[in-house]
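Participant: A single structure is presented below for examination.
The values are calculated or read from the model by the stated rules, or taken from the named source; none is laboratory data. Just so it is clear, the model here is predicted, and its values are computed rather than measured. Quick reminder, even Gly has a Cβ in these numbers, built from the backbone with ideal geometry, and neighbours come from all protein chains shown.
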Amino acid sequence: MALTETSSAKCFGGWQKVFAHESKELGCHMNFAIYLPPQAEDGKVPLIFWLSGLTCTEQNFITKAGAHRYAAEHGVAIVCPDTSPRGLQIPGEDDGWDFGSGAGFYVDATAEPWKKNYRMYSYVTKELPALVFDNFPVSSDRVSIMGHSMGGHGALICALKNPGKYKTVSAFAPICNPTEVPWGQKAFAGYLGPRGSGDSDLWAQYDATLLLKNYSGPPMDILIDQGTQDTWLTQLLPDNFVKACQAANMPVVLQLRDGYDHGYYFISTFIEEHIKHHARYLKA
Ligand SMILES: N[C@@H](CCC(=O)N[C@@H](CSC=O)C(=O)NCC(=O)O)C(=O)O
């Protein structure tokens, strides 16, 4: 699959690049960002996927999170995809900021008119990893995943639905129990249809708190950071996730950060700890 480099800049001895490609899974042009640390000049490096939140593109994390210094220090690559297909002229695609463009919710849609293209789950777990492993010096067996808000939900479900695929998972202010909150209910009703409308409970298959109940893979050391002044706490429900982890004997650390809100200043304050956490498992 052809990749077109659209930007490249040296950063902390490595390279921050952005590529465009035609996605088969999504049926549209997509961009993704990749940071290659200096160690990638000498051989394959481990890889962290970062999934962004509502309204984001591949740019938000690379321009605001301040992750490059720590990725370079630990010798890890970071790949950031866009958050949805774009420009498909689907009716309603650009009507709101929490559904459609910029809000793919990391599910494979089953409802019309979204099901042909809104396949972000398959894109981030299959097509994009294959593309990255084929084209860059990264190890396919040293991979982990993290994300923010809608992307934190994405990171948690990707890890819980694919035991053993990711060495660890972490999230900033993730939407932990989307079936119980307005953001998740709007997205799941639109992309998956009304709850209970299919043969199985599709909604539950994309809800981290519910997925834990049937998780039978290796324990993962899950790290979550949550600001106490996050105005969207009622959309996130981290306590429900922690309770489900406790019931499933899944190790989880929820760090409540006094005074921090939902935004990238919060993320940039604690990103070093998350990259350290990932490096520990990626290099073990
Ligand atoms: N409606 C607003 C705010 C959207 C927003 O804050 N998005 C967050 C993620 S929220 C959950 O997924 C975000 O990461 N924004 C990008 C950023 O750079 O801060 C709007 O339209 O801006």
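Participant: Give the residue that is nearest to the ligand (Cβ to nearest atom), with candidates limited to residues of the stretch 251-284 that are among the hydrophobic types (A, V, I, L, M, F, W, C) and over 19 Å from the mean Cα position of the chain (by Cα).
Facilitator: Leu256
Participant: Sticking with this one: Can you name the number of the only condition in (1) surrounded by 15 or more Cβ atoms within 10 Å (Cβ to Cβ); (2) farther than 21 Å from Glu73 by Cα that Glu272 fails?
Facilitator: (2)
Participant: Just give me the residues in the stretch 188-211 being of a type in the set (A, V, I, L, M) and crowded, with 23+ Cβ neighbours inside 10 Å, in sequence order.
Facilitator: Leu192, Ala208
Participant: Give me the pairs, please: first residue somewhere in the stretch 89-103 and over 17 Å from Met30 (Cα atoms) and modelled with pLDDT of 95 or more, second residue anywhere and within 15 Å of the ligand (Cβ to nearest atom) and in a loop (DSSP other than H, G, I, E, B), beta-carbon distance under 6 Å, and either six or more positions apart or on two chains.
Facilitator: Trp97/Thr55; Asp98/Leu54
Participant: Mind checking which pairs have a first residue in the stretch 129-147 that is more than 23 Å from Phe270 (Cβ to Cβ) and a second that is surrounded by 14 or more Cβ atoms within 10 Å (Cβ to Cβ) and aromatic (Phe, Trp, Tyr), Cβ under 7 Å, 6 or more apart or different chains?
Facilitator: Ser140/Phe133
Participant: I've got another one for you. Just give me the residues in the stretch 19-68 being away from the ligand (no atom under 16 Å from the Cβ), in a helix (DSSP H, G or I) and touching a Cys at 6+ places or on another chain (Cβ under 9 Å), in sequence order.
Facilitator: The one that is away from the ligand (no atom under 16 Å from the Cβ), in a helix (DSSP H, G or I) and touching a Cys at 6+ places or on another chain (Cβ under 9 Å): His68.
Participant: Determine whether the stretch 181-190 contains at least one residue that is in a helix (DSSP H, G or I), closer than 15 Å to Asp225 by Cα and within 12 Å of the ligand (Cβ to nearest atom).
Facilitator: no
Participant: Take the stretch 17-44 and flag every residue that is surrounded by fewer than 19 Cβ atoms within 10 Å (Cβ to Cβ) and within 11 Å of Phe136 (Cβ to Cβ).
Facilitator: Lys44 - this is the single residue of the stretch 17-44 that is surrounded by fewer than 19 Cβ atoms within 10 Å (Cβ to Cβ) and within 11 Å of Phe136 (Cβ to Cβ).
Participant: So, one more: Condition first: part of a helix (DSSP H, G or I), among the hydrophobic types (A, V, I, L, M, F, W, C) and surrounded by 22 or more Cβ atoms within 10 Å (Cβ to Cβ). Now tell me which residues in the stretch 213-244 satisfy that.
Facilitator: Phe241
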